[in-house]
1. Could you list all residues from the range 582-612 that are closer than 15 Å to Pro241 by Cα and at pLDDT below 90?
2. Pull up the range 225-245, narrow it to residues that are among the small types (Gly, Ala, Ser) and more than 32 Å from the chain's Cα centre (by Cα), then point me to the one that is modelled with the lowest pLDDT.
3. Please specify each residue of the range 441-453 satisfying the condition of being assigned to a strand (DSSP E or B) and either among the acidic types (Asp, Glu) or on the phi > 0 side of the Ramachandran plot (or both).
4. Glu354 versus (1) buried (at least 19 other Cβ atoms within 10 Å of the Cβ); (2) modelled with pLDDT of 95 or more: which is the lone unmet condition?
5. Determine which single condition Ile287 fails, assuming it passes every other condition in (1) open to solvent by less than 30 Å² (accessible area, probe 1.4 Å); (2) within 23 Å of Ile407 (Cα to Cα); (3) not acidic (Asp, Glu).
6. Take the range 293-303 and flag every residue that is open to solvent by less than 70 Å² (accessible area, probe 1.4 Å), touching a strand residue (DSSP E or B) at 6+ places or on another chain (Cβ under 8 Å) and not in a strand (DSSP E or B).
7. State whether the residues of the range 395-413 include one that is open to solvent by 40 Å² or more (accessible area, probe 1.4 Å) and over 21 Å from Leu294 (Cβ atoms).
8. Out of Ser260, Ser251, Ser269, Ser276, I need the residue that is modelled with pLDDT of 90 or more and either under 19 Å from Asp584 (Cβ atoms) or open to solvent by less than 30 Å² (accessible area, probe 1.4 Å) (or both). Which one?
Amino acid sequence: MFCAKCGNQFSAGAKFCPKCGNPVSKTVSPAGNFNQVEQPLPPQQAGSIQQSIQPQVQQGSDTAGNAYSTQFNAGAYAPPVKEKKSHKGLFIGIGVGVVAIAAAAVGLCVFGPFKAFFENNNDLMADALIGASDDFFTNYGSYYDDYANAMNGTGEYSGSYEATITLEDSAKILLESALASELGTSDVDLSWIDSSKITATYDIDEDGLGFNTVFNLNDQDIASMDFLADNNAQYAYLCIPEISDKYIGGSYDSLDMDVSDFFEAYASSGDDMATSEELKESASKYIGIIVEDLDEIEKTKETLEVDGVSAQYTLLSTDITVYTDAVITKDLCTAFKDDADMKSLLQIIVSVYETDELPLTIGDLTYNAGDDFDEFYNSLVDSCDDIISECDDIISEYEDDPDSAPICGDIQVYVDSDGSLAGYEFSERDADGNDYSIYFYEPRDGESVGLQFGETIGSSVEFEILGSGEEVSNTLSGIYTITNDGTQVATVEVVSLNTSELKDGTIDGEFIITLDNVEADDSNLSQLLLDTVSFDVTANLTSTSKTYSIAVMAGDNKYATIDITQTEATSGTKATPSSDQVIDVDSSDFSTEYMLSMNLDTLIDRLKSANVPSDYTDLIELYYGYIQMYAEYSSYSSYDYYSDYYDYYSDDE
């Protein structure tokens, strides 16, 4: 049998296509002739997702300005015209076809905006969820694809960062007061500080990490730092040329660096990464499986309201019983076992968890950094057999009377008149009676747009973003709050966000972020600042570069400006130093040898060029002198000391 939607071949008796999730009520011949069906076509409603074999016409967004769009599938079936010798019959056949197409077009124009009314409930829910998923990957998949293209086949990530901090006089006064209190003096002057800048280049792959940083003060480069981790040799190097031209070197064990798993995970994350199109197909497939198994979806008209923005939508809702849950779970596990794409997708997820050194738990199985992925995956596939067996037991228990099965959750999906998604909520209750829900709502009323999404456990809001705004000429503005662990942690004012460029993979906008409920301690300067300031962020993020300008504000008073630029490009910062340049931390005379190699003249000269007060540079020179004296003294053996003593007094004589 062949799928009518994607053409995939599969075994007879399947309920859905194992590749795209399309119901198998219709199949086509291997030759791909869509007029040759293997079984009779049942009557279908206009716009059903099961009509994917018929011509598709793009339906635009509704007058409410919904960000999503959907394809309304419609068509007419004209029986084949028998071949006749007379051209008259041919013209009649063509005429019938033209009339049929015209009728379909008229039907599309008249009934297209009322898709939510005419389409059956399961198809309508599937269309809305799959359409939203498709739109998400189509509009925003470029972010993922840019990363995947950089990683695929190389496992390498490199580029540069530049961050500049410019202090205003108000910030200097605040810092002077804080430092004076900390040091117990009133003589603190920071008026000489204008700006500071950090520039960093990085290069990471499975072989190791190279990192170079330059520190700049008042437009004067002060010092730099070179760091290299050689993962093959399990050895790391650090050099600050303005202090010493020698590298401090040491093994991972000596430096207590447990980073091997990080590099291996980083490298593996670039192996055969799926494209956003493949992710989109997988999402559509599994959404189709879930919705196909749902029973008795009710359709009503309901008002959806978020933060003062309300609109009426079609609500599709159904309770999930333990019987339905078992059917869905069994079909998902069956599809997962035969899905080669899911193995590669799961490997990507595992690599992310490995990079963050976090355990990944799926059911009763846990994957930890460094574990063998194939063994984990095979165990997961084996566990699917156990889960399927458990589901079969539940299905057998209730198959004679499914309605008697206890309710364990529900699904609610809001769609607008053209069938596009406006919101959803999925709730479930586990065996211990704990309620969990995840939700997303986006009602639109003209130019007004509400937004609420998050998750709850019981009555506690684990995470939520809530607010509303106005979208005018592809520019969104509004105010939103962020809640975490039941506490509001921030308020974000979107001054302007270009929603058109957002769909093209660019974030271009201005945001004012205020942290809420900061537990400020009068003795902690950073907490006091966070409690009183807001951050005015202007961002422009593209696939190849990212720029931020952050103004630290207290009301209308600006404390500082932070400008950040990130560029992705090959940096070449992983040159291994020669052995004569390295002082090993495990050597017996490491401290003495390194102090003897120090030369702070360049550092001191640069600090003076940056207008650092002499009080500070004189202090550095004093300590530098002490270091030299100590190093020279430590380098003497007892014999050297007495020999020099004898020579000194012999010269006097």
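1. Met595, Leu596 - these are the residues of the range 582-612 that are closer than 15 Å to Pro241 by Cα and at pLDDT below 90.
2. So the residue we want is Ala233.
3. Hit for the range 441-453 is Asp445, nothing else.
4. (2)
5. Among (1) open to solvent by less than 30 Å² (accessible area, probe 1.4 Å); (2) within 23 Å of Ile407 (Cα to Cα); (3) not acidic (Asp, Glu), the lone unmet condition for Ile287 is (1).
6. Correct list: Leu294, Ile297.
7. No, the range 395-413 contains no residue that is open to solvent by 40 Å² or more (accessible area, probe 1.4 Å) and over 21 Å from Leu294 (Cβ atoms).
8. Within the list Ser260, Ser251, Ser269, Ser276, the selection yields Ser251.
The values are calculated or read from the model by the stated rules, or taken from the named source; none is laboratory data. The structure presented is a predicted model; accordingly, all values stated were derived computationally and were not measured. Here the Cβ is made from the backbone with ideal geometry for all residues, glycine too, and neighbour counts use every protein chain on show. These accessible areas exclude ligands, DNA and RNA; they are computed on the full protein's heavy atoms, side chains included. Shrake-Rupley method; radii C 1.70, N 1.55, O 1.52, S 1.80 Å.
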